[in-house]
Amino acid sequence: MTATPEQALEQAALAGIHRFAIPTPFAVGRVNCYLIEDEPLTLVDTGPNSGKALDELTARLGERGHSIDDLELIVVTHQHIDHLGLVEILVEHSGAEVAALDAAAQRLAAFQEDAEREDEFAVEVMRRNGIPEDVTVALRSVSRSFRGWGSHVAVTRPLKDGATLDLRDRSLEVLHRPGHSPSDTVFWDAERQILIVADHLLPKISSNPLIARPLDGSSRRTQALVTYIESLRKTREMPAEIVLPGHGEPITDHVGLIDSRLAGHDRRKEKIHRLIAERPRTAYELAQALWGNVAVTQAYLTLSEVLGHADLLVNEGRVREADDGAVIRYEAI
Ligand SMILES: [Zn+2]
């Protein structure tokens, strides 16, 4: 019998894993951090760098009889600021070790410079895909204003894909599952069949496969959705009872949820194919045809969605990129 989300939270708590839903200033709402009461005392993700987030985290820890100073290990699931913004402050107070995927460590350490380069990359992607200059400029200033909620992260325990993170009472297998971001890492407790996934799989919304620079820091445009679907298929095969996401309630039927996400991507791909078959269009024109004029802050998300599905169509040989030197248009084959 499938457990309800409430039962799943209780079961996780019995296994020493406590969910703290920490406020963020972002549209996504609260972010889930997970306290693992083990040795070392471990916090998976921290919430954004804000007084409000710090106050709530302090209060939730207090309810469990802990203070921030007690934290011994902080695990970072991926590079997004709503998940890691408090790392620096928490480490200052507690001296906790910081664990994250080894391949992401360099970029996490150089957060400010890296964010600047990520923005430059995004501007180039937007320009090449037909997004008007004024939207690009506005989006860049929004991104700069968000940066204060982030933090540089000094990783002291780099984790290899496939390695195990051993606590006193449990072993967590470290699995790289890129797609939503290049650094997405999930943590698998095989004994308890509990999987901590952060934003790799979310219950209410499809995880946006954001177009981002690869972990090596180069400015290659990778195929985020293609990568994401490969990652989802791997997760689908895991015998997880409880999946703990980065936002929202626990997932107790990850196979059903992943199947519906895959079907959703398939439908969207076909819709985009029909639009391209009508006439060649830029990714920006495709996004407008699908969603109209969205808020500036959504422009890069919708562009990433379109590019992801266009990549699938290119790989299937149904669509090709026509580059006139200024912008890329997709045309049907
Ligand atoms: Zn994320």
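Among the candidates 159, 175, 195, the residue that is more than 21 Å from residue 237 (Cβ to Cβ), buried (at least 19 other Cβ atoms within 10 Å of the Cβ) and away from the ligand (no atom under 16 Å from the Cβ) is uniquely 159.
Within the bounds of the range 301-315, is there any residue that is at pLDDT 95 or above, touching a Ser or Thr at 6+ places or on another chain (Cβ under 9 Å) and open to solvent by 20 Å² or more (accessible area, probe 1.4 Å)? No, there is no match, as no residue in the range 301-315 is at pLDDT 95 or above, touching a Ser or Thr at 6+ places or on another chain (Cβ under 9 Å) and open to solvent by 20 Å² or more (accessible area, probe 1.4 Å). Scanning for something part of a strand (DSSP E or B), more than 11 Å from the chain's Cα centre (by Cα) and more than 16 Å from the ligand (Cβ to nearest atom), does the range 208-222 turn up at least one residue? No, the conditions are met nowhere in the range 208-222.
The residues of the range 104-116 that are under 13 Å from residue 150 (Cα atoms) and away from the ligand (no atom under 16 Å from the Cβ), listed by number, are 109, 110, 112, 113, 116.
Of 183, 231, all but one fail to be part of a helix (DSSP H, G or I), open to solvent by less than 10 Å² (accessible area, probe 1.4 Å), within 14 Å of the ligand (Cβ to nearest atom) and under 30 Å from residue 118 (Cβ atoms); the exception is 231. Residues in the range 185-207 that are closer than 25 Å to residue 309 by Cβ, over 10 Å from the mean Cα position of the chain (by Cα) and of a type in the set (A, V, I, L, M): 186, 205.
Residue check: is residue 203 within 12 Å of the ligand (Cβ to nearest atom) and in contact (Cβ under 8 Å) with a residue 40 or more places away in the chain? No: the conditions fail for residue 203.
A count restricted to the range 284-299 and to residues that are closer than 16 Å to residue 208 by Cα and buried (at least 19 other Cβ atoms within 10 Å of the Cβ) stands at 2.
Within the range 25-38, residues that are under 17 Å from residue 77 (Cα atoms) and free of Cβ contacts under 8 Å to residues at least 60 places away in the same chain have Cβ atoms under 8 Å from residues that are assigned to a loop (DSSP other than H, G, I, E, B) and open to solvent by 50 Å² or more (accessible area, probe 1.4 Å) in these pairs: 35/64, counting only partners at least 6 apart in sequence or on another chain.
Within the range 133-149, one or more residues are of a type outside the set (Gly, Ala, Ser), outside any strand (DSSP E or B), open to solvent by less than 50 Å² (accessible area, probe 1.4 Å) and within 16 Å of the ligand (Cβ to nearest atom).
One line per residue, one yes/no per condition, for (1) modelled with pLDDT of 95 or more; (2) more than 19 Å from residue 25 (Cα to Cα); (3) more than 16 Å from the ligand (Cβ to nearest atom); (4) crowded, with 21+ Cβ neighbours inside 10 Å:
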position: 50; (1), (2), (3), (4): yes, no, yes, no
position: 58; (1), (2), (3), (4): yes, no, yes, no
position: 66; (1), (2), (3), (4): yes, yes, yes, no
position: 78; (1), (2), (3), (4): yes, no, no, yes
position: 86; (1), (2), (3), (4): yes, no, no, yes
position: 102; (1), (2), (3), (4): yes, yes, yes, no
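The values are calculated or read from the model by the stated rules, or taken from the named source; none is laboratory data. Everything numeric in this text was worked out from a predicted model, so none of it was measured. So basically every Cβ, Gly included, is an ideal-geometry build from the backbone, and we count neighbours across all protein chains shown. Side chains are part of the model used for accessible areas, which takes the heavy atoms of the whole protein and leaves out ligands, DNA and RNA. Shrake-Rupley method; radii C 1.70, N 1.55, O 1.52, S 1.80 Å.
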